[in-house]
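The values are calculated or read from the model by the stated rules, or taken from the named source; none is laboratory data. The structure presented is a predicted model; accordingly, all values stated were derived computationally and were not measured. Reconstructed Cβ throughout: ideal geometry from the backbone, glycine too, with neighbour counts over all protein chains shown.
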């Protein structure tokens, strides 16, 4: 999901992510007046921290300037969660990044892919999405790409309040209250 979102961001901002450096495909450009470096590690996912560390050290990036976008099976399909910092959860790629750069004090956008538990975890993650899941995933990628611009423009706190909301269909209604 991170690569799909980076590709969308790159297309929308005319950034070519095609230079092989730091065990990654990288592209430099501007998003909403902000200089950015888009990075797609080319290691195995559970070793992606090696690539991120090389970029981190070469460009002398402050942790709060790093933004990692990744899928998360612990979040319902299509939902986004933006965080300023935190643990890796169950994601091995994030575990690798945190281990390699020795901090979890960087923002991230987690894109929910859910987990129906009927398939094995590996099949679920690499097996693609069902036809009925495609619209939710496409919408999540669009919102994640927009969230990147919003994080740059209005800051992470405001972006978190904008995007970290549950869809209305999942909101619990208070018994006896109506929307008159």
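Could you count how many residues in segment 3-17 are at pLDDT below 95 and either closer than 10 Å to residue 39 by Cα or assigned to a loop (DSSP other than H, G, I, E, B) (or both)?
1
Just to check your reading of the model, which residue among 82, 111 is surrounded by 17 or more Cβ atoms within 10 Å (Cβ to Cβ), modelled with pLDDT of 95 or more and within 14 Å of the chain's Cα centre (by Cα)? Lay out the reasoning, then the answer.
On the way: 111 fails: modelled with pLDDT of 95 or more.
Matching residue, one of 82, 111: 82.
Got a number for residues in segment 1-25 being more than 25 Å from residue 113 (Cα to Cα) and buried (at least 19 other Cβ atoms within 10 Å of the Cβ)?
Initially, segment 1-25 is screened for residues more than 25 Å from residue 113 (Cα to Cα), giving 13-16, 18-23.
From what is left, the residues that are buried (at least 19 other Cβ atoms within 10 Å of the Cβ) are 15, 22.
The qualifying residues number 2.
Which of (1) within 22 Å of residue 49 (Cα to Cα); (2) modelled with pLDDT under 90 does residue 95 not meet, given it meets every other one?
With respect to (1) within 22 Å of residue 49 (Cα to Cα); (2) modelled with pLDDT under 90, residue 95 is out only on (2).
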